[in-house]
Amino acid sequence: MRRRRSDDQKIMDRAREARRERISGERSRDKSGPFRQSGASQSEEGGRKMVKVIRLNGEVLYLNIFQIEMMEAIPETKIKMMNGDYFLVKDSADSVLEQIRALINGCIIPGGH
């Protein structure tokens, strides 16, 4: 029973740390998963449904277009996701919409980039 409690505590500690990183926006580049910064507007590692945006602190994010709930154009762009998270980004709402249009056109029109 003692070991079980320790494993549960480790899980809770990891969840707490992930929540802190998400709230503060201080996720390190090596923890950012398979979608790291590249020169392309979509990730090369299979992220065909992702758009590239840049947070206010300069961090590059790739967001799934099917998880975006809404965007709000205040002086910066606020992108709200389906899970309730939101991101403040430097990109304009029009540039994000243009990336989404290009991705959808690439799916509908073969070879249409």
When only residues in the range 30-68 that are more than 20 Å from residue 78 (Cα to Cα) and at pLDDT 50 or above count, which is surrounded by the most Cβ atoms within 10 Å (Cβ to Cβ)? 47
List every residue pair whose Cβ atoms sit under 9 Å apart, with the two residues 6 or more apart in sequence or on different chains, where the first one lies in the range 81-104 and is touching a residue at least 12 places away in the same chain (Cβ under 8 Å) and the second, anywhere, is in a strand (DSSP E or B) and of a type in the set (Asp, Glu). 81/69; 82/69; 83/69; 93/72
Inspect the range 73-86 for any residue being in a strand (DSSP E or B), hydrophobic (A, V, I, L, M, F, W, C) and out of contact with any Asp or Glu (no Cβ under 7 Å at 6 or more places or on another chain) and give the result as yes or no. yes
When the residues of the range 92-113 are narrowed to those that are exposed (fewer than 14 other Cβ atoms within 10 Å of the Cβ) and among the β-branched types (Val, Ile, Thr), which ends up modelled with the lowest pLDDT? 109
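The values are calculated or read from the model by the stated rules, or taken from the named source; none is laboratory data. Quick caveat, the model's predicted, so the values are computed rather than measured. Backbone-built Cβ (ideal geometry, glycine too); neighbour counts: all protein chains shown.
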